[in-house]
Amino acid sequence: MTNDIPQHRYDARLANEIEARWQDRWDAERTFWAPNPTGLLSEGAERASGRDPVFVLDMFPYPSGAGLHVGHPLGYIGTDVYARYQRMNGKNVLHAMGYDAFGLPAEQYAVQTGQHPRITTEANIATMRRQLRALGLGHDSRRGPATTDPAYYRWTQWIFLQIFNSWYDFEADRARPIVELVPILAADPEVGWEDLDAHARRELVDSFRLAYLSEAPVNWCPALGTVLSNEEVTADGRSERGNFPVYRRPLKQWMMRITAYADRLLADLDLLDWTESIKLMQRNWIGRSTGASVDFAVVGHDDVISVFTTRPDTLFGATYMVLAPEHPLVDVLVPGEWPGATLGEELSDIPAAWKGIFGAEVGPAAAVRRYREFAAGKSDLERQSEGKDKTGVFTGAFAINPVNDERIPVFIADYVLMGYGTGAIMAVPAHDQRDFEFAREFALPITCVIQPTDVWMLEHRCDLDPGEWPEAYGGDGVGMNSANADVSLDGRHVADAKVAITDWLTTNQLGESTINYKLRDWLFSRQRYWGEPFPIVYDEFDMPRAVPESMLPVELPEIIDFEPEIVEDSAASVPAPPLSRAEAWTTVDLDLGDGEGTKTYRRELNTMPQWAGSCWYYLRYLDPTNEDQFVSPDAEQYWMGDGPGGIDLYVGGVEHAVLHLLYARFWHKMLFDLGHVSTPEPFQRLFNQGMIQAPAFTDERGIYVEATTVVERDGAFFAGDEPVRREFGKIGKSLKNMVTPDDIFRDYGADSLRLYEMSMGPLDASRPWSTRDIVGVFRFLQRLWRNVIDEDTGALCITEAPADDETRRILHHTIAGMREDMPTMGFNTAVSKLITLNNHVTQVSARDGGASRDVIEPMVLMLAPLAPHIAEELWSRLGHAETITYEDFPVADPGWLTVDEVEYPVQVNGKVRGKVTVATDADQAVVEAAARADV
RNA sequence: GCGAGCGUGGCGGAACGGCAUACGCGCCGGGUUUAGGACCCGGUCCUUUCGGGGAUGAGGGUUCGACUCCCUCCGCUCGCACCA
């Protein structure tokens, strides 16, 4: 059988054999253990001295039961290539992988099977570890905690207690321990500390904590049986997970005071090497805007309506006010009857439309109630289709515009949101498009107070009468109709007028300059089983008390039924945490060490959201086995303590642009304020890898058919004989287009998969998966193998003679190019450069009967970060005993980068008209000749 | 609606303002082979009277020279979306 595949060809079988062998050897030799300077993980520290620390981090995965598909490891391979490259440049590289293992899917699976989530979670982690190991990822296996490990969440709870026991000192602009607050409160005469009893004092102190209980309206999702953070609710009021209705209702829940950090979270983005688009998403989410608060007195009431506006300069043009339907003042303001004839002349007849959309024959209380029901009951679909159509109802109340004492009606309308600003606005229809539309709908007066530009009036074919305008004028201009006895904005430009009116408001105690944020405090509790228990108990006054650090972790109790209480789908339903079923656990006898001795306390039954564990996992990687501290200062400073952000490279999906990345920055800053970490930011350089999409196929009914059954014939696609339509989408079970790494390992080996994923395009771009294309990089590895190893005998087939000059030139250009591409994650072009070099070497080898060791060895070294197994194997067969991992990456010799001869394209009027080849040292002569030439 | 990004062969994609289409897939031809290809060699943007000419979404501009910089438009993707 001489025609069989040669015995020593690099095929899938050989690749698999090589890969398994080297993975075992890396484990046995602890190749990727990164030594800490001191402590439990300091083995090998002397070897690492003189090596700079580099911390490379992936966004750690949720251990799903489905295992990996080929889209998952894209970023992991990228970081591994980068990490291996850094090792070959003399760095001490920390690269590890943990698991974000709390969360809904494990819990739901447990519900279905009756198996404890811990069992399924551990099984899933084992599967993922196997798959990641098979990719040849060089992780330090000691440093991969799961957030569900009690030894891990003990410290999550510890960090929670740090937050609970802190307050924000706005003067110092940082968090401080709560014990430092008491003397400050006691010294403040306005507080009246001496007059407060112990209970009142504790209530006051609790109100300052960075983690606090609040009964504010929260996002309640009955279908999921839990409350959700703002970040987990979509714009149309549904749950991000499952797309179920979400209701705003007041519930007593844990909050984190992230708003205290809004400015720093915003400002410190400037310190980071992140893409502008991600920074922008965070800026938009924080939503800082400057303006003024203005207080409007209400006719016949002591209450004032406080509003936030970015346009205080238009205050004279405020002709009505609007409260959000849920605004607490509404109930107070609504009179028993419509004001009717008691109104001023121009308002003596209330237009029927003001009394609500359900007919005029009801009083204001009923009209308001009906409108509130209408607004609350709007489905997302209705909201979408209504678009910007303005609805609302008159409350029957009037406010006084403080600048001109005009009486203006107060409406409620759902275009004003309770969640932003004060939940109330002054409406300036002439200069705000939404107010303009509402005023038109309800026949409200429109007063122009900023003179539009001539161009604008020309374009809109109108003059200064806003009654004729097609839309509001929102641009710059000078003030008009804006003067009272005290202050005049007439003739002043917008910016100038803002300052003038804000000063006037401040002087008269009617308002002040204000900064407002879209960012809300972070709702931090969930009604779930599979999450971190809070280290909190409640005393006989129902007040929260911290569980002492010495009693951590507060472990999850065993229960049989994990199912969240799925309650009736309505806003009125109440959440019921699953932990309430652990009856023996819900109360506990404790001595909190506060001198009160052992008492019975009631436990907090909510659990933390999944984000909690991911807020600080990178810190635990640094010192995962430390039982005394969440991380030792030595380890923290060694790996993180350089630059404003500690982590040298953080790679993950763009879907975490706000949620995880904002929460983690927030926690890191608190830990920084409290002296537990040494950098103000965690992630110095952020890189978002793209998403791999795969073809999916639908039949005529639009149903997905298993992608593996589809064949291509003449450019069309068929499942059996039935024609199907191709689209590209997220890889997974739902589109029936799953491609697993295991399939690719079997057919090509891990090195080919790595190389393919790195070569298919820029790492930050999304691109379609194409299994067919893998053969390209596979052939490259085969050719490269063949340039070193005789396929028939398995012997080395290189020569010891020096390489020719042209080969050297190409080699050194390749080295220089690789050294540009690797640090910038330009792996696709790095691979193409290696292929180009190898193609040349293949030709030379055929011509000369073997390629020179001079070029083969650097080529294998350059391949090592990308395809480490085959590189190790060839390196070893080339006669090296040690792993290639810590060999030096080749350095280009500048002497070979300059060329002796250069081909000049000769252009005439920008068109290439010919080429000439001249000696490089004639360069100057060419330039001079060109200068002399009369073109 | 607002904001950001992107448009290059049949496909994935290369290209400091200086030879457009590197590298790979696919396809075509040839070799080796009983055969097969995950082997080897060569070819593969359009057009051509074989001298050339034309192509980077469309149109304009800057420049000796534009895929690259500027303007307008078209298309796609992503984010936010009544944020006062």
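Rounded to the nearest 20 Debye, what is the dipole magnitude of chain A about its Cα centre when Lys and Arg each give +1 and Asp and Glu each give -1 at the C-beta?
On the way: 85 positive and 142 negative charges, 427 e Å.
Once rounded to the nearest 20, the dipole reads 2060 debye.
Please label the shape of the stretch A:247-315 as rounded, prolate or oblate, based on the square roots a ≥ b ≥ c of the eigenvalues of the alpha-carbon gyration tensor (a/c under 1.5 means rounded; beyond that, a/b larger than b/c means prolate, else oblate).
oblate
Quick one: Cα centre-to-centre distance for the stretch A:80-106 and the stretch A:431-503, in angstrom?
Comparing the Cα centres of the stretch A:80-106 and the stretch A:431-503, I get a distance of 57 Å.
By the scheme Lys and Arg +1, Asp and Glu -1, what is the net charge of all other residues having a beta-carbon under 11 Å from that of A:Ser306?
-3
Tell me, how many Å apart are the Cα centres for the stretch A:707-777 and for the stretch A:836-897?
A separation of 30 Å, based on Cα centres.
Looking at the P(r) of the stretch A:606-761, how many percent of alpha-carbon pairs lie beyond 20 Å?
66
Would you kindly calculate the translational diffusion coefficient of the stretch A:1-64, applying Stokes-Einstein with the Kirkwood radius from alpha carbon pairs, for 37 °C and a viscosity of 0.692 mPa s, and quote it in µm² s⁻¹ without decimals?
Numbers: Rh = 15.9 Å.
Calculated translational D: 207 µm²/s.
Classify the stretch A:749-881 from the C-alpha gyration tensor, please: rounded if a/c falls under 1.5, else prolate or oblate depending on whether a/b exceeds b/c. The partial results should precede the final answer.
On the way: a/c = 1.91, a/b = 1.47, b/c = 1.29.
Judged from the Cα gyration tensor, the stretch A:749-881 comes out prolate (a/c at least 1.5, a/b above b/c).
Can you work out the FRET efficiency for the pair A:Arg9 and A:Leu417, with r the C-beta to C-beta distance and R0 = 45 Å, to the nearest 0.05?
0.10
Can you compute 3J(HN,Hα) from phi for each residue in the stretch A:739-746, using the Karplus curve 6.51 cos²θ - 1.76 cosθ + 1.60 with θ = phi - 60°, rounded to whole Hz and x for Gly and Pro?
Per-residue couplings from phi come out as 10, 9, x, 4, 4, 6, 3, 4 Hz.
Can you give the helix-only mean residue ellipticity at 222 nm for chain A, where every DSSP H stretch with n ≥ 4 adds -39500 (n - 2.57) and the sum goes over all residues, rounded to the nearest 500 deg cm²/dmol?
About -10000 deg cm²/dmol.
Quick one: check the C-alpha center-to-center distance for the stretch A:267-301 versus the stretch A:118-158, whole angstrom.
So the separation of the two Cα centres works out to 38 Å.
Got a sec? How would A:Ser734, A:Ser580 order by Cβ neighbour count within 10 Å, fewest to most?
A:Ser734, A:Ser580
With 23 Å as the cut-off, how large is the P(r) tail for the stretch A:91-210, expressed as percent of Cα-Cα pairs?
On the way: 4087 of 7140 pairs.
The calculated P(r) of the stretch A:91-210 puts 57 percent of pairs beyond 23 Å.
Quick one: 3J(HN,Hα) in Hz for the stretch A:25-36, Karplus 6.51/-1.76/1.60 with θ = phi - 60°, rounded, Gly and Pro as x.
Result, rounded to whole Hz: 5, 4, 4, 4, 8, 6, 4, 9, 5, 9, x, 7.
Can you give the Kirkwood hydrodynamic radius of the stretch A:683-747 from its Cα pairs, in Å with one decimal?
13.4
From the Cα gyration tensor of the stretch A:153-201, with a ≥ b ≥ c the square roots of its eigenvalues, which class applies: rounded if a/c is under 1.5, or else prolate if a/b is larger than b/c, or else oblate?
Taking the square roots of the gyration eigenvalues as a ≥ b ≥ c, the stretch A:153-201 is oblate.
Using the crude model of +1 on Lys and Arg Cβ and -1 on Asp and Glu Cβ, and no other charge, please compute the dipole size for the stretch A:4-152 relative to its Cα centre, in debye to 20.
Details: 16 positive and 17 negative charges, 49 e Å.
Dipole about the Cα centre, nearest 20: 240 debye.
What's the long-distance tail for the stretch A:432-573, i.e. % of Cα pairs beyond 27 Å?
Distances greater than 27 Å cover 57 percent of the Cα pairs.
Which of the GluC sites (Glu not before Pro) found in the stretch A:755-843 are in a DSSP loop and have at most 14 neighbouring Cβ atoms, other than their own, within 10 Å?
Values: sites: A:Glu757, A:Glu791, A:Glu800, A:Glu806, A:Glu820; in loops: A:Glu791, A:Glu800.
For GluC sites (Glu not before Pro) across the stretch A:755-843 that sit outside H, G, I, E and B with at most 14 neighbouring Cβ atoms in 10 Å, the list reads A:Glu800.
Give, in whole angstrom and from largest to smallest, the semi-axes √(5λ) of the equivalent ellipsoid of the stretch A:1-135, with λ running over the eigenvalues of the Cα gyration tensor.
Semi-axes (√(5λ), whole Å): 30, 28, 13.
Using alpha carbon coordinates only, what is the Rg to Rh ratio of chain A, with Rh defined as the Kirkwood radius?
Ratio value, two decimals: 1.04.
Tally Lys and Arg at +1 and Asp and Glu at -1 over the other residues with C-beta under 11 Å from the C-beta of A:Asp854: what net charge comes out?
-1
Any read-out appearing in this document is the output of simple, stated calculations on the displayed coordinates, not a laboratory observation. Fair warning: this is a prediction, and the values are worked out from it, not measured in the lab. Positions of Cβ are backbone-derived with ideal geometry, glycine not excepted, and every protein chain shown enters the neighbour counts.
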